[in-house]
There are 2 protein chains.
Amino acid sequence: MTIARAGRRKGTSDSRQQILDAARSLFAEHGYQRTTVRMIAERAGVDPSLAIYFFGSKEQLFAASMPAPSEEALAAPKLLAALPRAEAARAMSHRILESVTSPEASNILGMMRAASSRPEAVAQLREVFIGRMMLPMMTELGLSRPKERAVLLAVVVTGMSFLHEILDIRQEWPDLEENAQLALLTQTIELVLTTDLE
Amino acid sequence: MTIARAGRRKGTSDSRQQILDAARSLFAEHGYQRTTVRMIAERAGVDPSLAIYFFGSKEQLFAASMPAPSEEALAAPKLLAALPRAEAARAMSHRILESVTSPEASNILGMMRAASSRPEAVAQLREVFIGRMMLPMMTELGLSRPKERAVLLAVVVTGMSFLHEILDIRQEWPDLEENAQLALLTQTIELVLTTDLE
DNA sequence: CCATTAATTGAACGAGTGTTGAATTAGAAT
DNA sequence: ATTCTAATTCAACACTCGTTCAATTAATGG
């Protein structure tokens, strides 16, 4: 067992990216405060000071680790726009339930939780979550009042994920099956899509 | 300006309650981690060690400071049950928007946020929020599948408050007026109340 | 009145935090 | 080759936090 000596490593290094990945997952998992620079460094297999060396501070590392929306998520609006409206609602609710249920795909929602008590981080997240994900869906679908609809859709999504991830509704109500969730979620989304906002 | 000397004060003291109040508001405002015992003590006008003396630890103080649902909230189900269903939906959405908008009434939702990264605190909050507030409403209204409806209602409420408190949707979309919010919220709640869950 | 207990402060401890500086090694540039 | 810069570790600093301990003052019970 050789301990790592100081100095630059041979060849090219992906330490920077590994720190970024570790930070992203840990922030999403434990929130900002509970995640320490030392934890991030350990998961990245690196010295804590290296993270600071690369990003300047924990604060800036957090900002840099905010997830950009996946290409898949950015492509979704155009795909959905091709479908008839009822189909679009069903597809969206499927996608939402998926992104809420699957543990790795919930990066953005984990980040929302991480940012929830940090006013500085909120604007950036709002831009990503609503501005780049929800709003494009609404405009691409050609709906009236897209901003309002985007916000209301975000209400459903965040509420769903909050209850799912954080309050873990499944543990106490296992008989609330996904089918029932999906059914009502679909209707709710359809409502957001179709309601005439005077 | 006389500085406070050690020793018991004359007469009866409400220090314990003041610590509890300070803790409740600060936890709801800043979350668990960002709230320090020293902050609580300062707001309560008291020495930090007194808070520990009374409650044993910050952990136990947090548990003790969890808000019980107000008597008003507990009385709501019976009041709503008297109304026709459409009226009930409107009344509920009003109540929800109110509780989400007013800064002091959002204690429970602030606590949910505070507890969000602390698994130990989650069960207690779920019991209060869903079990004692949402579920009674549904059963009192005599609806089928009250558990599912309670959870779905909670989805709307938490999502609404999350966006309002945390992402502060108003700052970037000031033109999203409360009327539009209220209109769609009412419809969503009505949907939760009336949809036939197969 | 005396002993006990409750309430309160002040000072300090120990653990953990983000961050810095020096030292070391490797690639890049001249 | 030599110089410069980038990457890396290690040790340490300053700070904050939760908590503890001793001291002090007031109420309470016998």
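At a glance:
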quantity: Residue identified as within 12 Å of DNA strand C (Cβ to nearest atom), surrounded by 12 or more Cβ atoms within 10 Å (Cβ to Cβ) and of a type in the set (A, V, I, L, M) among B:ALA4, B:ALA41, B:ALA64, B:ALA23; calculated: B:ALA41
quantity: Residue match in segment A:104-112 (condition: within 16 Å of DNA strand D (Cβ to nearest atom), within 14 Å of chain B (Cβ to nearest Cβ) and in a loop (DSSP other than H, G, I, E, B)); calculated: no
quantity: Single unsatisfied condition, B:VAL37 versus (1) in contact (Cβ under 8 Å) with a residue 24 or more places away in the chain; (2) within 20 Å of B:PHE129 (Cα to Cα); (3) more than 14 Å from chain A (Cβ to nearest Cβ); calculated: (2)
quantity: Where a residue in segment B:69-86 is assigned by TED's automatic domain parsing to the domain that holds B:ILE130 and surrounded by 13 or more Cβ atoms within 10 Å (Cβ to Cβ) and its partner, wherever it lies, is part of a loop (DSSP other than H, G, I, E, B) and modelled with pLDDT of 80 or more, with Cβ under 7 Å and at least six apart; calculated: B:LEU80/B:LEU141; B:ALA81/B:LEU141
quantity: Residue list for segment B:1-30, restricted to those being within 13 Å of B:GLU42 (Cα to Cα) and β-branched (Val, Ile, Thr); calculated: B:ILE19
quantity: Of all residues in segment B:150-171 being out of contact with any His (no Cβ under 9 Å at 6 or more places or on another chain) and surrounded by fewer than 17 Cβ atoms within 10 Å (Cβ to Cβ), the one that is modelled with the lowest pLDDT; calculated: B:GLN171
quantity: Evaluation of B:ALA91 against (1) among the aliphatic types (A, V, I, L, M); (2) modelled with pLDDT of 80 or more; (3) away from DNA strand C (no atom under 16 Å from the Cβ); (4) crowded, with 17+ Cβ neighbours inside 10 Å (one fails), failing number; calculated: (4)
quantity: Matching residues, segment A:63-102, being outside any helix (DSSP H, G or I) and under 16 Å from the mean Cα position of the chain (by Cα); calculated: A:SER65, A:MET66, A:PRO67, A:ALA68, A:PRO69, A:SER70, A:SER102
quantity: Hits in segment B:25-82 (condition: under 23 Å from A:SER116 (Cβ atoms), among the charged types (D, E, K, R) and at pLDDT below 95); calculated: B:GLU29, B:ARG34
quantity: Checking B:GLY31 against (1) within 8 Å of DNA strand C (Cβ to nearest atom); (2) touching a residue at least 60 places away in the same chain (Cβ under 8 Å), the condition it does not meet; calculated: (1)
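The values are calculated or read from the model by the stated rules, or taken from the named source; none is laboratory data. Because the structure is predicted, anything quoted here is derived from the model rather than measured. For neighbour counting, all protein chains shown are included, and Cβ atoms are generated from backbone atoms with ideal geometry for every residue, glycine included.
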